[in-house]
Structures are given as C-alpha cells and as structure tokens.
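The values are calculated or read from the model by the stated rules, or taken from the named source; none is laboratory data. Please read all numbers here as calculations on a predicted model, not as lab measurements. Cβ placement follows ideal geometry from the backbone for every residue including glycine, while neighbour counts extend to all protein chains displayed. With ligands, DNA and RNA removed, areas are computed over all heavy atoms of the protein, side chains included. Shrake-Rupley method; radii C 1.70, N 1.55, O 1.52, S 1.80 Å.
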Amino acid sequence: HELQLNNGIYKSCNSYFANTFKQTIDKYKNPAQSVDIWANHVKSFGLGQFLGTDMPIGSKGLVPTSKTYKRAYPNGGWRSNTIISNSIGQGELSTSTLQLANMMAAVANQGYFYTPHIVKKIKGEVLDKKFTTKHYTTVDKQFYPPIIQGLADVYNFGTASSLKVKDLQICGKTGTAENKIRVGGKTYQLEDHSIFVAFAPKDNPTIAIAVVVEHGHWGNTWAGPIATLMVEKYINGKISRTDLETRM
C-alpha cells in the first residue's frame, strides 16, 4: 500500500486517489456517516473555514458534508461514486490559495499548523496567542513520513522532476483545476488553472507555499516553476535555475 501511495503521489495518479477515497467512504455503514468523518479530518487542516488570520480578507471555501449532499439529493441515492471528484480536490470541495499553503505547512510539521499571520512581532507588545498556538490535525504523526516522501519524489522523478534544484530537496505536488463556465444553459470548457503546492527543505522545513495561475494549464507549466523559484530564493538567497527564471 505504501508503494502504491508513493507512486500515486509522484505520478499524480487520479485513479489511485479515486480508489482510496471510494474505500474511505465505503468503510462505514452509510455514506453520510463516512463523508462526515472524512470532512472532519479535512477541516482539521484548516480547510473549509476562516483561518482567523490578521489579514482583513479571506475565503472560507467549502468542505462538503452529509448536509451538502442531503440538500443536493433530497431523495437519497448518493454514494461514494457520486462524489468521487472530491478525491482529487474537485467536486464540491473549494479552497483558497492561503488554505492550500497552510495545509502544506501542516504536512511539513507532521500534524500541526499555526494560524497564518503577517505580523511576526511587535516591539514592546506580546503577539496575540492565537498566532502562537499549535493547531493539531486529526491525522496521527505516524502517517506523514510516507506522504512527505511521495511529495519529495514528485521532484525526484515525478511530475515536477524537470524543476529540480541541485542540493535542495523540495517537497511538492502539481495540480490542475478544471475550469468551466455556464452561459445560457450551456457548459463551456475553458483553459485549466495551474496549481502547485510545496514546502522545503524536506527535513526541518522553513517555508510552505501555494501558487495558483489562472488559465495556466498544467501544474508544472507555470505554477510549479514559480513556486520552485520562490522557494530557492527564500532558502538560498539566489536563483540557480536561471532557465526557469527566464521562462517565467
């Protein structure tokens, strides 16, 4: 199973995540109970809620629960296959870029995050404790190392292998968000959004990041290179991948 997980992450295999999600939702006696258990785990990473940052704006996003599907299917009949798109971050699941970066911070920390904030310290004052309190996820620490290895292998020989930076082990994940619009009752397919999330270094990480480029196509086309350049500049203070810098 760990090998399949590793391959699923670094190859960005939708079928692996779909099958895993299906098994998760089919695990309990009914899909309503299952999806609520799943949703609570997802919410523990800060998704589907206002994070309480010191910035004046933000987006709550949405993590669907059994109530979501009871409204959508008042006569019942929905099951794991009906909501399978959630397995790859689509479907009814909605997040903000900040939430994605925060999620990666939780993975990097192997199970906790701090409320994101801009102000690091104020001379002569104590920073609000809500910004210095650890928020723990509901996923036990033992399950993070194989995830982190899979994210590292995305750069080692996976979907971001062309973005590798010498002597810097970055953990990341490519993403492509389907983009459609409905006009006059018809649905039109637009250019997909390019998404990339990352943290680095793999051991003792110091930065977590999420990049979304609207209409940017694949995750490794635009968002991946941008995230890689920002991570390298932050950690090393300079850019070695000048080829990516020129292309961006």
* For q = 0.10, 0.17 Å⁻¹, what log10 I(q)/I(0) does the range 154-248 give under the Debye formula with an equal point scatterer on each alpha carbon and no solvent? -> -0.29, -0.68
* Asked: Where in the range 1-42 does the label zone of Lys70 land, with the point 7 angstrom along Cα→C-beta and an amide N cut-off under 11 Å?
  -> 32-33
* **Net charge of neighbours whose Cβ lies under 11 Å from the Cβ of Asn86, counting Lys and Arg as +1 and Asp and Glu as -1** => 0
* To do: Please work out the Cα center distance from the range 223-248 to the range 49-105, rounded to the nearest Å.
  => 31
* To do: Report the semi-axes of the equivalent ellipsoid for the chain in whole Å, largest first, where each axis is √(5λ) for an eigenvalue λ of the Cα gyration tensor.
  => 30, 23, 20
* Structure fact -> Scoring only Lys, Arg, Asp and Glu (+1, +1, -1, -1) among other residues with Cβ under 14 Å from the Cβ of Asp167 yields +3
* Considering only protein heavy atoms and a 1.4 Å probe, what is the carbon-and-sulfur percentage of the accessible area of the chain? -> 54
* Charge sum, other residues only, whose C-beta stays under 13 Å from Ser194's C-beta, Lys/Arg counted +1 and Asp/Glu -1 -> -3
* Structure fact -> Averaged per residue, the 1.4 Å probe accessible area of the chain, protein heavy atoms only, in Å², is roughly 58
* For Leu127, residues with placed amide H under 5 Å, excluding near neighbours -> Ile122
* Asked: Over all pairs of distinct alpha carbons, what does the Kirkwood formula give as the hydrodynamic radius of the range 95-210, in Å?
  -> 16.4
* Given the options Ala208, Ala39, Ala223, which has the most mean-square fluctuation in a GNM of the chain, springs set between C-alpha atoms less than 10 angstrom apart? -> Ala39
* Asked: Over 32 Å between Cα atoms, which of Lys70/Lys120; Lys123/Lys233; Lys27/Lys130 qualify?
  -> Lys70/Lys120; Lys27/Lys130
* Structure fact -> All alpha-carbon distances of the range 47-137, grouped into 5 Å bins from 0, give the whole-percent distribution 3, 11, 18, 19, 15, 12, 9, 6, 3, 2, 1, 0
